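Asker: Before I ask anything, here is the structure I am working with.
Read-outs throughout are calculated quantities, based only on the coordinates presented, and are distinct from any laboratory measurement. Everything numeric in this text was worked out from a predicted model, so none of it was measured.
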Amino acid sequence: MNVTKSDFNLIHAHFFFIDIVGLSDPSISTRIQIKKIQTLNSIVMNSTSFRFTPKDTMLVLPTGDGMAIGFLQGPELPLNLAIEVHKMLSKYNKAKIPAEIIRVRIGIHSGAAFVVDDVLNNKNIWGPGIILARRIMDIGDDGHILLSARISEDLREISDYYKQILRPVQKYTIKHGQAISLYSAHDKGFGNPRPPATKSSLEKTTEKTTKFPTAVTIYPYMEVNISIKNPKSQLVHYKRRYEIKNTSENPIYEVVHGIATDVETNLSDLGIRVYDEDSVILPISNVIIDRPYQKEFTTVFNRPIERLEKGRFYILEYQVKEKEKYFENHFGVDCTKFVVTIEYPKGVSYPVVYEINLETETKKRCKMQPSIVTKERMINTGISSDRTQVRWAKKDISRGQCFRFEWK
């Protein structure tokens, strides 16, 4: 048996470890997954922190759904890179539908590691410094920039700015029961101000599986009512109705809602109301994301949805002043029937429906377009006669399809 001898060097580096959250979601096509990886790579490569750092003073290790970078120069480089990546992703994610949004988590640590040659004689990194950076990243949720106490204390000594944005969080337990103190970097435009949800990635998985068992759902019926209140300010009211059918053995305890806007808003600005088939309000149980252009939150049902139970649905209402004049819906689950009504005053054009190919980013005008609802029917439903309402319906929509409704 021949053993190949590899040269290795012990180094001390400042490690930046990043990965894309939810990249393995089965509802996302392989092409979109690849596009997310390519986009993240491009953002990192075009950042100031990366472009102006001499290539011989950093080591880059692709990890499939992200990357690790070891900076041999100052400890501020990985944090500055993290802030740049967050701000560039915020612009990229603007008004993207959920399947296209890139969400990341980042871990930063200073420590020792070995540079070794792999089987192809490429430089690789291994050792306690990069391993701990990875474990710190694993603790984080979407949007977190987490740093070890070691590098945080060094940074806080460098400038008052780092003292402002680096905030201590509680101790967390990682592999082998080791407890570590962490800092979270966040300010306007970057980071996640909430502490990580659980003490370790293992506990996170176990807790979620135990409390909310995996369930499979379909939408027998989904309806979206769009009311353009003011065409000048572009104030639009949305009312989404989802009928839910649970096809698994496990009950459904909660539902995740996603809202994308093309203007900066806070969650509280949207006037959100969620209620069930009995008109009972479903309070927000957890805010997952509250970023300027993306919101994601959960509500818990007053009683769980059991297997094949009929007549269960919920309604989500909100309103926002949009810049762009369109509504887009991407289906993460199968839908038997999808109905959209758009109600608007004079001065708004007749809406047009397109099907969007998320892989090629192209749109194709649907053969079937909305039909005008009669004035009599509008009056019977309480809509003023000086407004117009159109209706569009489609059956048997598959997971992954996307439709856009545009008006001028």
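Asker: Using Stokes-Einstein with the Kirkwood hydrodynamic radius over Cα pairs, what translational diffusion coefficient do you get for segment 258-325 at 20 °C and a viscosity of 1.002 mPa s, in µm²/s rounded to a whole number? Please list the in-between numbers first.
Answerer: On the way: Rh = 13.3 Å.
Once the numbers are plugged in, D ends up at 161 µm²/s.
Asker: Right, another one. Could you work out how far the C-alpha centroid of segment 305-353 sits from that of segment 64-141, in angstrom?
Answerer: 37
Asker: Reachable lysines from residue 367, Cα under 24 Å, same-chain residues fewer than 8 places away excluded?
Answerer: 325, 337, 394, 395, 408
Asker: Quick check on segment 244-333: of the DSSP beta bridges with both residues there, what percent are antiparallel, nearest 5%? Can you show the working numbers first?
Answerer: Details: 18 of 18 bridges.
Of the beta bridges lying entirely in segment 244-333, close to 100 percent run antiparallel.
Asker: Would you mind checking the tilt of helix 76-92 against the longest principal axis of the Cα atoms of the chain, expressed as 0 to 90 degrees and rounded to 10?
Answerer: 20
Asker: Sort out for me the Cα centre separation of segment 234-251 from segment 270-295, rounded to whole Å.
Answerer: So the two Cα centres are separated by 12 Å.
Asker: Let me ask something additional. So how tilted is helix 30-45 from the main axis of the chain? Cα-based, degrees 0 to 90, rounded to 10.
Answerer: 50
Asker: Can you give me the three principal axis dimensions of segment 345-408 from its C-alpha atoms, in Å, biggest first?
Answerer: Principal extents (largest minus smallest coordinate, Cα): 41, 27, 17 Å.
Asker: Note the angle between two axes, namely the Cα long axis of helix 128-139 and the longest principal axis of the Cα atoms of the chain, as a number of degrees from 0 to 90, rounded to the nearest 10.
Answerer: Around 20 degrees separate the two axes.
Asker: Next question. Let me know the Kirkwood hydrodynamic radius for the chain, please, with Cα pairs as the basis and the value in Å to one decimal.
Answerer: Computed over Cα pairs of the chain, the Kirkwood hydrodynamic radius comes out at 23.8 Å.
Asker: Could I get the Rg over Rh figure for segment 34-161? Both from C-alpha atoms, Rh via Kirkwood, rounded to two places.
Answerer: 0.96
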